[in-house]
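Inspection log for the structure reproduced underneath, given as structure tokens.
We did not get these values from a lab; they are worked out from the coordinates using the rules stated. Only a predicted model underlies this, so the values are computations on that prediction, with no experimental measurement involved. With ideal geometry, Cβ positions are generated from the backbone for all residues, glycine too; neighbour counts draw on all protein chains shown.
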Amino acid sequence: MTASTNLISSGTTAREKVNLRTPEVMTAVQEQVESHYRSDIVDKVRRAGGIISVGGVTVRLAKQFGFCYGVERAIDLAYAARKVFNDRRLFIVGEIIHNPEVNEQISSLGIKNLLGNNKQANIEDLQPDDVVIVPAFGTELSTLQQIKERGCQIVDTTCGDVMSVWKRVRKYANESATSIIHGKAEHEETKATSSRALGDGKGHYLVVLTLADTDYVCDYIRHGGDKQAFLDKFRGAYSPGFDPDVHLRTVGVANQTTMLRGETEEVQRRIRQAIVDRDGAEGAARNFRFFDTICGATQERQDALRELLTAPMNLLLVVGGYNSSNTSHLAEMGEEKLPTYFVLNASRLVSRTEIKHFDLHQKAEVVTRDWLPDGNIVVGITAGASCPNNLIEETLLRLYQLRGIAPEQLAAAA
Ligand code: SF4
């Protein structure tokens, strides 16, 4: 965690910059954060090489999982803001990260949510004395502008890796290249990135999620087609005034930081090939550009899971919020190889015969029966960048409990 100045002056009221990360504040923050999210057992298993074996149940942890540097920083800053501004109203622009337990903790600090399903307050009601936290995903420029107009102080926890993507799409806009963003159009990060892709107002963007979306765009690049059908298909995923006949001439590909690397590379490759087919290699050198914006933490977690999946295992548990993009991709990787259960927390391990887990295809929580084999088994566990270690510990304890192994036995073996 490296940031220094975290509070920016903003809005119509002049405000002094305040450094939230004083040693005194950060010592208190670290204590509180650790008490909420740390796990002794997970730390011990990690130090022991990521393997624990008790009573015929072996658990292998991925080498990298859980909170990333961007999430740690955002949480630290939110807790620090609460301490420094203990007499002010605090708000946050949406969820701090995609994990319900962490969001509940933030809410319990009296930090009210301004956006999304769990909205608790309105931006229009903000006062100049209020403090507003921008989460690690960043936020749309129009939202930021509204907050600035209310004169509030802003604690900006946007991850540096997200800001790198913004820099890239702004560059595309300056070069009159449309940003094709590989991501989820409704994801906070992609919405924030899309707003930056407009540049000074003349830029455009199109968001593609799947390889099927990409192929549709490639077909249009090569042969043109029914413009209205194109606009209907991608409704909600392109910039105002976007015209595929005009704005697919010169494109630059970027991606949400938490996508699957292999898929993002394939999106780049297919779009480049479509431009080569239309414009020739020389034309493509002018009309196509790309920049890989998968973040380091996402990459490390995917690489660590790829390595874990080379070991023989009976099943994989992926722990995290169901709306977490990077966690979903870990579950996707797992289910290609072995029975994989994407669980919100330990409570989803209902019994030896029943597990509740998120089905990526049905986009809903489902129940699977007879999921936990008898006898000697090996279970892999990983978690996305928004999952704290205490939730991983609880999942580990529950797994062993279902096989009749008490927490004390596990703690003794760790
Ligand atoms: S997942 Fe990547 S981009 Fe997102 S907060 Fe973590 S480090 Fe930053």
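Which semi-axes, in whole Å and largest first, does the equivalent ellipsoid of the range 141-223 have when worked out from the alpha carbon gyration tensor as the square roots of 5 times its eigenvalues? Write out the running numbers ahead of the final one.
Numbers: eigenvalues 150, 40, 24 Å².
The equivalent ellipsoid of the range 141-223 has semi-axes of 27, 14, 11 Å.
Enter the Cα centre distance for the pair the range 358-404 and the range 289-332, rounded to the nearest angstrom.
Each part's Cα centre sits 15 Å from the other's.
Cβ under 14 Å from ARG286's Cβ, ARG286 left aside: what net charge do those residues give with Lys, Arg +1 and Asp, Glu -1? Don't skip to the end; give the middle numbers.
On the way: positive: ARG249, ARG272, ARG278, ARG289; negative: GLU175, ASP279, GLU282.
With Lys, Arg at +1 and Asp, Glu at -1, the net is +1.
Can you give the FRET efficiency for ASP87 and GLN145, using 1/(1 + (r/R0)^6), R0 = 22 Å, r = Cβ-Cβ distance, to the nearest 0.05?
0.25
What is the range 312-365 by shape, rounded, prolate or oblate, if you read a ≥ b ≥ c off the alpha carbon gyration tensor as root eigenvalues and call it rounded for a/c under 1.5, prolate for a/b larger than b/c, and oblate otherwise? List each step's numbers first, then the result.
Details: a/c = 1.66, a/b = 1.08, b/c = 1.53.
It is oblate, given that a/c is not under 1.5 and a/b is not larger than b/c.
Kindly provide the Kirkwood hydrodynamic radius of the range 269-414 in Å, to one decimal, from all pairs of distinct alpha carbon atoms.
When all Cα pairs of the range 269-414 are included, the Kirkwood radius is 17.3 Å.
Let me check I have the definition right: for the range 101-155, take the eigenvalues of the Cα gyration tensor, multiply each by 5, take square roots. What are those semi-axes in whole Å, largest first?
Gyration-tensor ellipsoid for the range 101-155: 19, 13, 11 Å.
Looking at the square roots a ≥ b ≥ c of the eigenvalues of the Cα gyration tensor of the range 218-260, which shape do they give, rounded for a/c under 1.5, prolate if a/b is larger than b/c, or oblate? The partial results should precede the final answer.
Values: a/c = 1.84, a/b = 1.48, b/c = 1.24.
Verdict is prolate for the range 218-260.
Quick one: dipole size for the range 161-294, taken about the Cα centre, charges +1 on Lys/Arg Cβ and -1 on Asp/Glu Cβ, in debye to the nearest 20.
Here the range 161-294 has a charge dipole of around 360 debye.
Alpha carbon centre of the range 29-52 versus the range 175-219: separation in Å?
One Cα centre to the other: 38 Å.
Sum up the charges of everything whose Cβ sits under 12 Å from the Cβ of ILE147, counting Lys and Arg as +1 and Asp and Glu as -1, but leave ILE147 out.
-4
Can you give me the three principal axis dimensions of the range 161-294 from its C-alpha atoms, in Å, biggest first?
Taking the Cα atoms of the range 161-294, the three principal extents are 34, 28, 28 Å.
For the pair PHE291/ASN122, report the inter-label distance in nm, with labels modelled 7 Å from Cα in the Cβ direction.
About 3.9 nm separates the two model spin labels.
Wrap a convex hull around the Cα atoms of the chain, take a quarter of its surface area, and give that in square nanometres.
Details: hull surface 85.8 nm².
Projected over every direction and averaged, the Cα hull of the chain covers 21.5 nm².
Considering only DSSP beta bridges whose two residues both sit in the range 161-294, what percent are antiparallel, to the nearest 5?
10 percent
Which entries of LYS119/LYS233; LYS119/LYS148; LYS63/LYS191; LYS171/LYS233 have Cα-Cα distances beyond 21 Å here? Don't jump to the answer; show the numbers that get you there.
Numbers: LYS119/LYS233 29 Å; LYS119/LYS148 19 Å; LYS63/LYS191 31 Å; LYS171/LYS233 27 Å.
In this structure, LYS119/LYS233; LYS63/LYS191; LYS171/LYS233 lie more than 21 Å apart at Cα.
Say the dipole of the chain comes from +1 at the beta carbon of Lys and Arg and -1 at that of Asp and Glu; which of ALA304, THR395, PRO373 then lies farthest toward its positive end?
Checking the options against the dipole of the chain, the answer is ALA304.
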